[in-house]
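Asker: Please find one structure pasted underneath; my questions will follow.
The values are calculated or read from the model by the stated rules, or taken from the named source; none is laboratory data. Please read all numbers here as calculations on a predicted model, not as lab measurements. Here the Cβ is made from the backbone with ideal geometry for all residues, glycine too, and neighbour counts use every protein chain on show. Quick note on the areas: whole protein, heavy atoms, side chains included, nothing else; ligands and nucleic acids left out. Shrake-Rupley method; radii C 1.70, N 1.55, O 1.52, S 1.80 Å.
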Amino acid sequence: MKVLEIKKVRRYFGGIKAVENFSLDVAEGAIVGLIGPNGAGKSTLFNCVAGVFPPTSGEIVFLGERTAGLKPWDLCRRGLARTFQIVKPFAARSVLYNVMVGAFAGTARRSEAERRALEVLQRLRMEHLSHARAGNLTIADRKRLEIARALATRPKLLLLDEVMAGLRPTEVDEMVAIIKGLRDSGMTIFVIEHIMRAIMALSDRIAVLQFGSKIAEGTPQEIARDERVIKAYLGEDYGAA
Amino acid sequence: MLFIIEDTINGILMGSIYGLAALGLTVIFGVLKVINFAHGSLLMVGMYVAYWAVLLTGMHPYLSLVVVVPVMFVFGYLLQDILIKPIFKSEKEVREPITVIIVTTGVWYILDNLALLIFGPQYRNIQDNPLRGKMLEIGDMMVSVPKLWGFFTALATALVIYLFLRKTRMGRAVRATSLDRDAASLQGINQYRIYNIAFGMGTAVAGVAGVTLVPFYNVFPTVGVLFDIKCFIIVVLGGLGSIGGALLGGMIIGVIESVGPQFMTATWTEAIVYALFLAFLFLKPSGLFGVKYDW
Amino acid sequence: MTPSLARGLPLVVLALVAFGLPLAVTSATYLHILILLFLYAYLTTSWNLVGGFAGVLPLGHAAFVGIGAYTSTILSLQYGVSPWIGMFVGGLLSSLVGVIIGLPTFKMRGAYFALATIAFAEGIRVMFENIDYLGPLQINGPRGLQIPPLKTGLVHFMFADKEPYYYIILVMLAAVLALTWAISRSKLGYYLVAGGEEPEAAQSLGINVAHAKLAAMAMSSFLTALAGTFWAQFTLYIHPKSVMSLDISFEIAFIALIGGRGSIAGPVLGALLLRPVSDFSRIYFGDTLPGLHLIIFGVVLILVMLYQPRGLQEPLTRLYRRAMGRLIGDRGAPG
Ligand SMILES: Nc1ncnc2c1ncn2[C@@H]1O[C@H](COP(=O)(O)OP(=O)(O)OP(=O)(O)O)[C@@H](O)[C@H]1O
Ligand SMILES: [Mg+2]
């Protein structure tokens, strides 16, 4: 079953063609990667999927329902959660508070929200930070908090926008393991990432974006061998390696 | 019919002075992206400076510009540098810090009540000045001379600001900062110095408006409040940050205030002005000429 | 002592002191000052639901005070309805107006919202000053309405001396504080804070930020109007410049900002600090140094914004905790 279908989506900002005629299916239980150089339109595509702004043209179908007219909170309630590339914690509040905000999406009871939030924090191995002020976290922990908050809404599809940027190699490995664990528990994941090692290890399929257009799609092995991708993005070194 | 034309003309003249006052507010907003709630109080300070300058030396009211403009510029420059800059520095990510509204409101309260303490509540005006009570007769119509002076001063001030922003190096730096403060900083422009200058300019313009009022208007500690709220309304009508919009918005208010009483109780015109303001806020928050902001 | 007891005890002590105060304070002047202090603490706590938790800056709450005061007064003067009933009618009406203001304005940010609320409140005041009759309802323009002190007693919300007023406003304050506490721990409270701090993130977490703010606005304007009725019954004379003046709106905001907006203790603390300043400077310096208290307000406001932008509640809570920690041993310190 397809969790997400993106059909011929365009998104223009004035004269800038941020996303041009992009189509992609995301199957249930898959981890799909989205890569491409800076400014290729990856985050813009996520914003369209998450309902931040509508596509200029084209159609997005989430769990069999067309998302036109649905706002971010509508989509969240239907099972879509996302992280922000530039993290947006509720800085003055504790980590637990942040995650509880997400957990309230599925319950009105405080005790239940707290239980769900703690569960997520445990899963991401950050329960020791529960009472830390979100604004005081390290960048790695902020990225994790971003995921924790999204997870607390108990999504079916999770959009991750560069959650590994700025992490140390060991932290990257840890994050890869966490994301795989999420998939194993039945979640579908659509992930933007610049760190090749991570995206190759994670993804079942990868789509490559350049200047808003999809220039390739396939398994990690196919992408690593694709001439155009190597030219446009990976660089000659990667293909040789 | 004639009296309506007469009222319209006088309304436009008075309105241009409102617009002049609002011009200062709009210059500050254009660059700093904050509303200066102390603006009316700064106008009040300008009026007192002009009042005393004229009273003590007996100079022509408009000659007091020589004193008022530099004094007010420095005052505004320091105000921004000492009180507002720290907020911008501590709230770097915030695009339009609410805290600035609050601090400038504090300044408003301090200035108004200091004026009350120092000068007392009485209304002051300069009885013997060459402009007071002068009327220009055009056919059967009477046009207020001091307001006419105010009108031309408003146009001249707007022109000077326009030329400054377009033609001078400093003006271009100010505009660059107003468009994108981060990009401007990258080009080596000192963002905070530009803020100081913009705030100084806005304050000086409030002072100019004060000078145009002194020949025919009463000076008293809370005179600024009247103009404060008018200026808010005008800048929203005209479009926050727009020079022409400020003048036009001012004239619209002036005409409503002077023509309105022909058709209704004078106090109702005030209600109409508020209604117009709210209508704009709700229907076209960018105002007549405003840049469209992603509110 | 267990931590929860250590946390609860000061509250109990505070409540006992507040309830016992009229026994000690017999001077009518001081009681009057206390009543106004609690009234402002109540108003500011109500304001805090939007101005604090929802992270916007409403500067027109006087309009709701006025709507509450006028509604109950007109109903009781013209139709003989008990002010207690009128109070809730006023609350509902005010709530409706609050939602109407909120609908378009919550989409705006920062300065525009502040300006819109000022304009709305001033517009309503100017309207009241200009109409004598609104349909069958007598408004009486700038002259306002006098409430003849004919029937006293609880049912009529009118008393010969000040103690009953003191207890009524105290109970109202306690109730609104309890409500705020409950909301701050509820889903709505979390949603308001989230929407105020990072609207985009909040929306992605399933929050319709505008709806949450509207809910807060409806409650806030309802509660504020109740205080309007209290005001009318306490002073027995209302006119647009008294119950709808911009000064009220600003004073409420000042108290909240200096005390600490978005916290439960902040508004009460702010009122405790500022109201005496304004009352005593008016009593002692009213003739010689008019406006002195407003200068003090302005200076304090600026200093607080520059050095404690989250209000005085924060450093004072820290001090208090340290003192409590020392007093009852570190284990019992409320954390
Ligand atoms: N809100 C917006 N308004 C105008 N232009 C935008 C907006 N958002 C994105 N763009 C433009 O769209 C293009 C694509 O940006 P986008 O953020 O989607 O790239 P990206 O692939 O996520 O890049 P990165 O790897 O740097 O995150 C860029 O040229 C960007 O400037
Ligand atoms: Mg991106």
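Asker: Where in segment B:96-137 are there chymotrypsin sites (Phe, Trp or Tyr not before Pro) that are in a DSSP coil and have at most 11 other Cβ atoms within 10 angstrom of their Cβ?
Answerer: B:Y123
Asker: Hey, which lysines would be in cross-link range of C:K162, C-alpha to C-alpha under 25 Å, not counting anything within fewer than 8 residues on its own chain?
Answerer: C:K151, C:K241
Asker: Sort the protein assembly as shown into rounded, prolate or oblate with this rule: let a ≥ b ≥ c be the square roots of the eigenvalues of the Cα gyration tensor; rounded if a/c is under 1.5, and if a/c is not under 1.5, prolate when a/b is larger than b/c, oblate otherwise.
Answerer: It is oblate, given that a/c is not under 1.5 and a/b is not larger than b/c.
Asker: For chain C, what does -39500 (n - 2.57) per DSSP helix run (n ≥ 4), summed and divided by total residues, give at 222 nm, in deg cm²/dmol to the nearest 500? It would help to have the intermediate numbers written out before the result.
Answerer: Working: 14 runs with 242 residues, N = 335.
Here the helix-only value at 222 nm equals -24500 deg cm²/dmol.
Asker: For segment A:62-109, what class follows from the C-alpha gyration tensor (a ≥ b ≥ c being the square roots of its eigenvalues): rounded when a/c is under 1.5, otherwise prolate if a/b is larger than b/c, else oblate?
Answerer: oblate
Asker: Could I ask something else about it? Before rounding to the nearest 500, sum -39500 (n - 2.57) across all DSSP H runs of length at least 4 in chain A and divide by the residue total; then give [θ] at 222 nm in deg cm²/dmol.
Answerer: -10500 deg cm²/dmol
Asker: Using a probe of 1.4 angstrom, how much of the accessible area of segment B:2-283 is carbon and sulfur, in percent? Don't jump to the answer; show the numbers that get you there.
Answerer: Values: 7410 of 10890 Å².
Heavy-atom surface of segment B:2-283 belonging to carbon and sulfur, 1.4 Å probe: 68 percent.
Asker: On to the next question. Tell me whether segment B:2-283 comes out rounded, prolate or oblate; compute the Cα gyration tensor, take square roots of the eigenvalues as a ≥ b ≥ c, and use a/c under 1.5 as the rounded threshold.
Answerer: Prolate is the answer for segment B:2-283, as a/c is 1.5 or above and a/b outweighs b/c.
Asker: Of the residues C:A253, C:A227, C:A119, which exhibits the maximal mean-square fluctuation in a Gaussian network model of chain C defined by a 10 Å Cα contact cut-off?
Answerer: C:A119
Asker: A further question on this structure: Suppose we compare each residue of segment B:246-290 in its chain alone and in the full protein complex with a 1.4 Å probe; which ones drop by at least 40 Å² of accessible area?
Answerer: Buried-area filter returns B:W268, B:Y274, B:L278, B:L281, B:F282.
Asker: Count charges around A:T170 for me, please; just the other residues with Cβ under 15 Å from its Cβ, Lys/Arg as +1, Asp/Glu as -1.
Answerer: Spelling it out: positives minus negatives among the neighbours equals +1.
Asker: Averaging sequence separations of C-alpha pairs under 8 Å and six or more residues apart, then dividing by the length of chain A, give the relative contact order as a whole percent. Don't jump to the answer; show the numbers that get you there.
Answerer: Details: 464 pairs, mean separation 63.2, N = 241.
Relative contact order here is 26 percent.
Asker: Ok, one more. For the pairing of chain C with chain B, what total accessible surface becomes buried, with a 1.4 angstrom probe, in square angstrom to the nearest 100?
Answerer: Between C and B, the summed buried area is about 3600 Å².
Asker: Given the options B:L78, B:L32, B:L237, state which has the largest fluctuation in a GNM of chain B using a 10 Å cut-off (strictly under) for Cα springs.
Answerer: It is B:L78.
Asker: Can you pull the mean other chain C-beta count within 10 Å for peptide A:101-107?
Answerer: 6
Asker: Gaussian network model of chain B, Cα springs within a sub-10 Å range: biggest mean-square fluctuation belongs to which of B:I138, B:I98, B:I229?
Answerer: Largest GNM mean-square fluctuation: B:I138.
Asker: Other chains near B:116-128: what is the mean number of their Cβ atoms within 10 Å of each residue's Cβ? Can you show the working numbers first?
Answerer: Values: counts 6, 7, 0, 0, 1, 2, 0, 0, 0, 0, 0, 0, 0.
Counting Cβ atoms of other protein chains within 10 Å of each residue's Cβ and averaging gives 1.
Asker: Which trypsin sites (Lys or Arg not before Pro) does segment B:49-117 hold that lie in a coil by DSSP with at most 13 other beta carbons within 10 Å?
Answerer: Answer in residue order: B:K92, B:R95.
Asker: Also, I was wondering about something else. For chain C, what is the relative contact order in percent, using Cα pairs closer than 8 Å and at least 6 residues apart in sequence?
Answerer: Working: 496 pairs, mean separation 102.8, N = 335.
It comes to 31 percent, rounded to a whole number.
Asker: Before anything else, pin down the relative contact order of segment B:2-283: Cα pairs under 8 Å, at least 6 apart, normalised by residue count, whole percent.
Answerer: Values: 470 pairs, mean separation 121.3, N = 282.
Computed value for segment B:2-283: 43 percent relative contact order.
Asker: Return the aspartates and glutamates within reach of B:K284: Cα separation strictly under 16 angstrom, same-chain partners fewer than 8 residues apart disregarded; answer none if there are no such residues.
Answerer: List returned: B:D294.
Asker: Give A:K88/A:K143; A:K17/A:K42; A:K2/A:K156; A:K8/A:K88 a once-over and call out the pairs whose C-alpha atoms are over 19 Å from each other.
Answerer: A:K8/A:K88
Asker: When the helices in chain B are scored as -39500 (n - 2.57) per DSSP H run of 4 or longer and the sum is shared across all residues, what 222 nm value do you end up with, to the nearest 500 deg cm²/dmol? Can you show the working numbers first?
Answerer: Numbers: 12 runs with 207 residues, N = 295.
So the helix-based figure for chain B works out to -23500 deg cm²/dmol.
Asker: Continuing with the same structure: Counting only other chains, and only Cβ atoms inside 10 Å, what mean value do you get across the residues of C:203-216?
Answerer: 6
Asker: Mind checking segment B:50-149 for GluC sites (Glu not before Pro) that DSSP puts in a loop (not H, G, I, E or B) and that have at most 13 other Cβ atoms within 10 Å?
Answerer: B:E93
Asker: Enumerate the aspartates and glutamates that B:K85 could reach by cross-link, defined here as Cα to Cα under 19 Å, with residues fewer than 8 away along the same chain left out.
Answerer: Output for B:K85: B:E93, B:E96, B:D180, B:D182.
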